[in-house]
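Shown next, in structure tokens, is the structure this report addresses.
What follows is calculated from the coordinates using simple rules that are stated; it is not laboratory data. Everything numeric in this text was worked out from a predicted model, so none of it was measured. Positions of Cβ are generated from backbone atoms using ideal geometry, with glycine treated the same way; all protein chains shown enter the neighbour counts.
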Amino acid sequence: MRPSPSADRSAGAELRTAQIRFLGALRAGRDITLEPGRGLFLAPPGDTTSSRWHIYQEGYVLRLTEAIGIDYPALERIVGPAAFTGICRRYLAAFPPSSHDIGRAGASLASYLPRDPVTDRLPFLPDLARFEWALAEAFVARDVEPLTWSDVAALGAQRLADLPMRAAPGTAIIRSEWPLGDLRLAKDREDGEIDIVLEGRPVTLLVWRHGLEPRSKAADADEAAMVEGALSGLTPASLLASGAFGAGPDAPPRLVAALRRIVELGTLAPLTQKEKQ
């Protein structure tokens, strides 16, 4: 005989309750084997459920820390492996993973870091994390054939002016008061080779995907305005009206020159078939 629908629902509810208890205790660092109703596990031969639970619990944190470290190599290199593991433990307690993709475990690290004690002595860490995550996002961004300058030229000035721009997947602008490019290079250097002047070196970085490779470069004010406009879906006409390129007769040529530079880098999404018509 098949179980009744009510029996199926009851078994499903019990399983769901057990899963919630398991994950809650795992993330909170509690020993689930000491909680009331501890009959979740069978006793292992030659060991205790508590011992096995702690092994699993530690492995869970270390595996996530390993995955997070792939996306933040410079941050881990600068703070050191032990401190990085500590950061990840505290981060995972505050921002437990919400995705089935382990590659997204570190998605909120930049949001967490301002509250971490390590940031008190290394205040550039949140911005460095934003930069490294932007590079990680660019690496896995959806493939598109970027807009070309010949596509732009074919539109004509009037159509171009009123056409909303779209950034290619994986494109970002990172603004910081810290020299993020030099800090990122620390991931490949020995201790004696790291000597970075931090103060008074603000940067604006453009991050994008070129083929299969994430790239970054310092962006000037006009390039940053164009990319941020594209990220917001603005038209060139609205950007020009905003004053981002100054006023007077020099503004339109500045906009066109900046547009050409970012198009030739491959940072804008292609036109749709309707836009091409």
Report the dimensions of the chain along its three principal axes from the alpha-carbon atoms, largest first, rounded to Å.
81, 62, 30
Under 5 Å between amide H atoms, partner at least 5 residues away or on a different chain: which partners does ALA219 have, H built in plane at 1.01 Å?
THR204, LEU205, LEU206
If eta is 0.692 mPa s and T is 37 °C, what Stokes-Einstein diffusion coefficient results for region 152-226, Kirkwood Rh from Cα pairs, in µm²/s?
219 µm²/s
Taking the Cα centre of region 143-201 as origin and charging only Cβ (+1 Lys, Arg; -1 Asp, Glu), how large is the dipole, in debye to the nearest 20?
400 debye
Evaluate the charge dipole of region 125-277 about its Cα centre and quote only its size in Debye, nearest 20, assuming +1 on the Cβ of each Lys and Arg and -1 on the Cβ of each Asp and Glu.
700 debye
Can you compute 3J(HN,Hα) from phi for each residue in region 44-56, using the Karplus curve 6.51 cos²θ - 1.76 cosθ + 1.60 with θ = phi - 60°, rounded to whole Hz and x for Gly and Pro?
x, x, x, 8, 10, 5, 5, 4, 5, 4, 5, 5, 5
Share of pairwise Cα separations in region 125-277, more than 24 Å, in percent:
38 percent
